[in-house]
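The values are calculated or read from the model by the stated rules, or taken from the named source; none is laboratory data. Please read all numbers here as calculations on a predicted model, not as lab measurements. FYI the Cβ positions are ideal-geometry reconstructions off the backbone, even for glycines, and counts take in every protein chain you see. Note: areas computed on protein heavy atoms with side chains; ligands, DNA, RNA excluded. Shrake-Rupley method; radii C 1.70, N 1.55, O 1.52, S 1.80 Å.
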Amino acid sequence: MRDIMNMNVKKIAFGAAVVFFTNFAIAQTVQDGINSMDSDKFAQAKTNFTNMIASDPTAENYFYLGNTYLKQGEPDFAAATENFNKGLAADKKSYLNKIGLATVKLGKGDKSAIAEIQEIVSDSREKDAEVLFRAAEALTLFEKNNSPDLAIQFLNKAIERASRKEVPAYYYYTLGDAYRLKRMPGDAMTAYDKALPLAKNKASVYTRIGTLWMAAQQWQQAKTSIDKAIATDPTYAPAYKALAAYDIRYQQNAKATQDLINYTKYADEDPYTQLEISKLYFTNEDYVNSKQVLDKIFDKINDPIKFKLRAYQLYADGKYVEAKQNMDTFVSQAEKSRVQPADQGLQGLIAAGLAKTETDAAKKTALMTEAQQKVAIAKAAKDETMKWDLELVKIAGGGASQADIDAGPTNPVIEGLKQKIAANAQDTDSLFKLATAYQEVKNWNGAIQTWQKMNALLPDWAPGYYSLGYSYQQAGNNDAAKVAYEKFINTVKPADQEANKQTLAYSYFAVAYLSKDTDMAKAKDYVAKSLQLDPTYQDAIKLNEEINK
């Protein structure tokens, strides 16, 4: 599932009855199809181009239909290839369809396609602005496989050629997308600003500007731009998708659900768009709606991506055996280039879940080793699909129900803080006070839940993980405590290590103590690190003597 904050803009970018049907087909244009794709109405775009082919089966019309399959939420490479080949059958010299086939190769991870696209453009003598544009678009379409420098070069030439008549707005906003890939937000914003006066639907450009601000973590500017998009065109579906990402960022789940309902209303029923909606519901932790949407389209989609999304849903429900079966199906059917670090991270989390109920000690150890190794792959790739360490903590810790928490000790301070947080779920000051208040009355289930919420809002604030570890330890859940203490150790910044010296020493000791019966090498390593930080720490001294006899 891809980073919602980037919003995948590249994918935004882009008888009498017989007489009636014929006139309808002729009336449709390439621009109609482009507008439909830009509005996330891919089924409508496919109908548009299919009708154009029925009326006029040119190479160009086959290209535009094939390109629709590449720009939908999840590319359908087989359908795209089929149409590009039909286009070449209609005109063996068609540069657009040659670019289309090279784009499929690039989407599958074959980066030799970049040179192939460059050669096709060279063969065209760079005379056709549309060939230049589509080559550039291909080079910006895929998050992992792209060439923004070459795309920018082609786009500038396309704009120069088109300027003799009229430059389409999407030439400029695709230029902005290319600059985003280069992490040059200033140049991207300039390109979007140039697109704005040219765009017939300015909501399209305002949405892109909003998601650019989101990528830069300038949240207020992002919200302002998205609001402008919706005010300009309340039916523009991608604006609600962007707004959902904004509300998910602030954990406004109810608002995000309404955004997704609006997105569903204004996009269309194309199965791949519905698949994207299911993913967004999952990101919003709305697993019921996510499953409902996926169930509705599961048999309409041949792409193995459906098994991956089902695996995520089953994992969220704690159904680790079924999640593994679906993930294994995805990996066995998908091309290797489509298996992302996040997928390996999910496999690691599933392994950790399976380890919980494994009774064979050797198998349990093997599963936990697999879990750590595969989650490490996702973390090394800086993947943010899930909060990997927190997920491991949750698996190890299980989770008390709200009824268990409410049945525990409380007082007026706790009840007052709960009301404040109910009114504002992002109130980290009140969350901190509530977690501390729960600890004071020894309501450890309440403390654990509250520290988890705190850590989700402030993932880089190390003390939250230490407090979570302490609460787990007091609740008797040593496996979860160990994971939380390690997360604290790994989150403390080098500049803050001196200030956190004592808590670091205790955390290293705690992990060593909790590991001594299952991982002696780790216990010895961690107790040594504890004593390096505090050579006078008596508990660590005793443990060190005990395990190094």
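Taking every DSSP helix (H) stretch of at least 4 residues in the chain, weighting each as -39,500 (n - 2.57) and dividing the sum by the residue count yields a mean residue ellipticity at 222 nm of -23000 deg cm²/dmol. Surface listing: Lys200, Lys127 arranged by accessible area from highest to lowest gives Lys200, Lys127, probe 1.4 Å.
When each of the peptides 490-499, 527-536 is scored by the mean number of other C-beta atoms lying within 10 Å of its residues, the order from highest to lowest reads 527-536, 490-499. When the surface is traced with a 1.4 Å probe over the full set of protein chains, Thr47 keeps roughly 70 Å² accessible. Residue-wise HN-Hα couplings along the range 75-87, as the Karplus relation 6.51 cos²θ - 1.76 cosθ + 1.60 with θ = phi - 60° gives them from phi, are x, 9, 5, 5, 5, 4, 4, 4, 6, 5, 5, 5, x Hz; Gly and Pro carry x. Remark: the chain carries a charge dipole of roughly 560 debye about the Cα centre, counting +1 on each Lys and Arg Cβ and -1 on each Asp and Glu Cβ.
Of the solvent-accessible surface of the range 251-311, computed with a 1.4 Å probe and all protein chains present, 49% belongs to carbon and sulfur.
For the range 72-120, the share of accessible area belonging to carbon and sulfur comes to 50 percent (1.4 Å probe, ligands and nucleic acids excluded). Among the chymotrypsin sites (Phe, Trp or Tyr not before Pro) in the range 290-360, none sits in a DSSP loop with a Cβ that has at most 11 other Cβ atoms within 10 Å.
Here's the list of aspartates and glutamates a cross-link from Lys522 could span, going by alpha-carbon distance under 19 Å and ignoring same-chain residues fewer than 8 apart: Glu370, Asp389, Asp479, Glu486, Asp534, Asp539, Glu545, Glu546.
Rounded to whole numbers, the Karplus 3J(HN,Hα) couplings from phi for the range 172-179 are 6, 6, 5, 4, x, 4, 5, 5 Hz, using 6.51 cos²θ - 1.76 cosθ + 1.60 with θ = phi - 60°, and x at Gly and Pro. Using the structure shown, list the pairs from Lys255/Lys291; Lys105/Lys200; Lys98/Lys144; Lys105/Lys306; Lys202/Lys223 with a Cα-Cα distance above 27 Å, or answer none. The answer is Lys105/Lys200. The magnitude of the dipole of the range 73-159, with charges of +1 and -1 set on the Cβ of Lys/Arg and Asp/Glu and taken from the Cα centre, is near 200 debye. Accessible surface for the range 300-423, divided over its residues, is 52 Å² per residue with a 1.4 Å probe.
Taking every protein chain into account, the accessible area of the range 174-272 amounts to 42 square angstrom per residue (probe 1.4 Å).
Largest first, the three principal axis extents of the alpha carbons in the range 147-206 are 27, 26, 14 Å in whole numbers.
Restricting the calculation to Cα atoms, every distinct pair contributes to the Kirkwood radius of the chain, found to be 26.0 Å.
Take every pair of alpha-carbon atoms less than 8 Å apart whose residues are at least six positions apart; their mean separation over the length of the range 422-508 yields a relative contact order of 22 percent.
Between the range 308-363 and the range 388-464, the C-alpha centres lie 28 angstrom from each other.
Between Leu132, Asn326, Thr224, the Cα set farthest toward the positive side of the dipole of the chain (charges on each charged residue's Cβ, about the Cα centre) is that of Leu132. Ranking Ile377, Gln31, Ala523 by Cα position along the charge dipole of the chain, where only Lys, Arg, Asp and Glu carry charges on their C-beta atoms, puts Gln31 farthest toward the positive end. Ligands, DNA and RNA left out, the accessible area of the range 138-210 computed with a 1.4 Å probe is 48% carbon and sulfur.
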